[in-house]
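As structure tokens, the structure follows; a few thoughts come after it.
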Amino acid sequence: MGKVYVVGVGMTKFEKPGGREWDYPDMVKEAGTKAFADAGLTYADIQQAAVGYCYGESTSGERALYELGITGIPIYNVNNNCSTGSTALFLAKQLVEGGIADCALAVGFEKMEKGSLGAKYMDRVNPMDKHMMLMMSLREFAPAPPAPQMFGNAGREHMDRYGTTREQFAKIGWKNHKHSVNNPYSQFQDEYSLEDVLNAKVVYDPLTKLQCCPTSDGAGAAILASERFVKERGLEKTAVEIAGMAMSTDLPSTFDDKSCIKMVGYDMSKRAAHKAYEQSGLGPEDVQVVELHDCFSANELITYEALGLCPEGKGGELIDSGALTYGGRWVVNPSGGLISKGHPLGATGLAQCAEMNWQLRGLADKRQVSGVKAALQHNLGLGGAAVVTVYRKASFA
């Protein structure tokens, strides 16, 4: 198994659905063109491609990439709920790592509808039926959108078990909105006070509107290459190594442990993180910057614990400590995260990848974290899959 490097990244600004006159091929053309310019490559260099999206027709991946070139290469359409983008990245990494391709492209995009996510197909089993049935056996079902209800119930469980407070969840929304002020790609770039976050409209207690990600349109792209390709093309100075990367799907404990925290992916995040740390030889103490899946503030807090940033039950204390922003032990979600940057489902994992690569290359402008040597990415999709990636600055003999 050879080493795999990210040699170019690109993304669009994330936009409110319907707020801009563009379609998914336009999004992918913009993100892909930026990635190729970043790498100094062309579409003709790509040997295989994985394209992620959740909403669209079955060959939208091909149609999207035709804006970049039509060369007959294998193109895989990927759908893994909110972890779709990082699943496409994981597939492209495996293609390069296994020697199937020397240069592969991962792209993610989404053209979404306004409002909360809902089921599209009512004539078949919903893929979230086991999760919903478990949640309703533990907490009374409420007239609220399913996603914030599921993650909100995980937050309530954390409050009941560990004494976590509404203010601690709100601090996550406050932090991520504050970070997004410096991100030109972010859907929102407004700063709020902690009181603003706490007093915003309640979506599902303890979650207010400013602690929930919006629906978004946008795309992201990453070009992956083997060590041989990097050296042949002279890309050593900009290459970033994928030091460890792992995917986990739901475990028996997701349903058997009768826990809303487990239901929303705690154990699969923990398992993927453990494998990624093992592969890389690095741990959470070795990274300086983290992009994690903060679809709701409650999920960011429990993910601190799943990734090993703190012991189980101590997520509230960790956010209170100031360790998760500039000047602290880590900077978590310098991009603004899903809460403020936006969450076009298929693009999120690639946007996280782009941010981590910019941070490692010192190209994050006003968001730049000082002294970044290693970075951590976490992308989660209910139903379910979690992908955790460890990046580090590349070194070549």
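I'd like the full set of residues that are in contact with a strand residue (DSSP E or B) (Cβ under 8 Å, 6 or more places away or on another chain), small (Gly, Ala, Ser) and open to solvent by less than 80 Å² (accessible area, probe 1.4 Å), limited to segment 43-72.
Selection gives Ala49, Ala50, Gly52, Ser60, Gly61, Ala64.
Residues in segment 372-382: is at least one surrounded by fewer than 17 Cβ atoms within 10 Å (Cβ to Cβ) and either within 25 Å of Lys275 (Cα to Cα) or of a type in the set (Phe, Trp, Tyr) (or both)? First the steps, then the outcome.
Initial filter on segment 372-382 (surrounded by fewer than 17 Cβ atoms within 10 Å (Cβ to Cβ)): 373.
Still in the list and also either within 25 Å of Lys275 (Cα to Cα) or of a type in the set (Phe, Trp, Tyr) (or both): 373.
There is at least one residue in segment 372-382 that is surrounded by fewer than 17 Cβ atoms within 10 Å (Cβ to Cβ) and either within 25 Å of Lys275 (Cα to Cα) or of a type in the set (Phe, Trp, Tyr) (or both).
In this structure, does Leu318 turn out to be part of a helix (DSSP H, G or I), within 21 Å of Trp174 (Cα to Cα), of a type outside the set (Asp, Glu) and free of Cβ contacts under 8 Å to residues at least 40 places away in the same chain? Steps first, please.
Working: part of a helix (DSSP H, G or I): yes; within 21 Å of Trp174 (Cα to Cα): yes; of a type outside the set (Asp, Glu): yes; free of Cβ contacts under 8 Å to residues at least 40 places away in the same chain: yes.
Here the answer is yes, as Leu318 does meet what is asked.
Looking for something at pLDDT 95 or above, more than 23 Å from Ser269 (Cα to Cα) and surrounded by fewer than 20 Cβ atoms within 10 Å (Cβ to Cβ) - is there at least one such residue anywhere in segment 100-123?
Yes, there is a match, as at least one residue in segment 100-123 is at pLDDT 95 or above, more than 23 Å from Ser269 (Cα to Cα) and surrounded by fewer than 20 Cβ atoms within 10 Å (Cβ to Cβ).
Can you tell me which residue in segment 20-42 is nearest to Thr71 (Cα to Cα), limited to those that are surrounded by fewer than 18 Cβ atoms within 10 Å (Cβ to Cβ) and of a type in the set (Ser, Thr, Tyr)?
Of everything passing the filter in segment 20-42, Thr42 is nearest to Thr71 (Cα to Cα).
Identify the residue in segment 3-13 that is part of a loop (DSSP other than H, G, I, E, B) and in contact with a helix residue (DSSP H, G or I) (Cβ under 6 Å, 6 or more places away or on another chain) and, among all such residues, is surrounded by the fewest Cβ atoms within 10 Å (Cβ to Cβ).
Filtering segment 3-13 down to residues part of a loop (DSSP other than H, G, I, E, B) leaves 3, 12-13.
Next cut, in contact with a helix residue (DSSP H, G or I) (Cβ under 6 Å, 6 or more places away or on another chain) only: 3, 12.
Working: Lys3: 17, Thr12: 24.
Going through the qualifying residues, I end up with Lys3.
One line per residue, one yes/no per condition, for (1) touching a strand residue (DSSP E or B) at 6+ places or on another chain (Cβ under 9 Å); (2) among the hydrophobic types (A, V, I, L, M, F, W, C); (3) open to solvent by 60 Å² or more (accessible area, probe 1.4 Å); (4) in a helix (DSSP H, G or I):
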residue: Lys130; (1), (2), (3), (4): no, no, yes, yes
residue: Met133; (1), (2), (3), (4): no, yes, yes, yes
residue: Pro143; (1), (2), (3), (4): no, no, yes, no
residue: Ala147; (1), (2), (3), (4): yes, yes, no, yes
residue: Ala154; (1), (2), (3), (4): yes, yes, no, yes
residue: Glu157; (1), (2), (3), (4): no, no, no, yes
residue: Ala170; (1), (2), (3), (4): yes, yes, no, yes
residue: Lys175; (1), (2), (3), (4): yes, no, no, yes
residue: His179; (1), (2), (3), (4): yes, no, no, yes
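Take Val369 and tell me if it is touching a residue at least 24 places away in the same chain (Cβ under 8 Å) and either in a loop (DSSP other than H, G, I, E, B) or open to solvent by 20 Å² or more (accessible area, probe 1.4 Å) (or both). Step through it out loud before you land on a result.
Numbers: touching a residue at least 24 places away in the same chain (Cβ under 8 Å): yes; either in a loop (DSSP other than H, G, I, E, B) or open to solvent by 20 Å² or more (accessible area, probe 1.4 Å) (or both): yes.
So Val369 passes the test.
I need the full set of residues from segment 207-222 which are touching a Ser or Thr at 6+ places or on another chain (Cβ under 7 Å) and either open to solvent by 10 Å² or more (accessible area, probe 1.4 Å) or in a helix (DSSP H, G or I) (or both), in order please. Quick ask: steps written out before the conclusion?
Here is the first cut: in segment 207-222, the ones touching a Ser or Thr at 6+ places or on another chain (Cβ under 7 Å) are 207, 211, 218-219.
Selection gives Gln211 alone.
The values are calculated or read from the model by the stated rules, or taken from the named source; none is laboratory data. Predicted model, so just to flag it, every value in this text is computed and none were measured. Cβ sites come from the backbone with ideal geometry, for glycine too, and all protein chains shown count toward neighbours. To get the accessible areas, we keep the full protein, side chains included, count just its heavy atoms, and leave off ligands, DNA and RNA. Shrake-Rupley method; radii C 1.70, N 1.55, O 1.52, S 1.80 Å.
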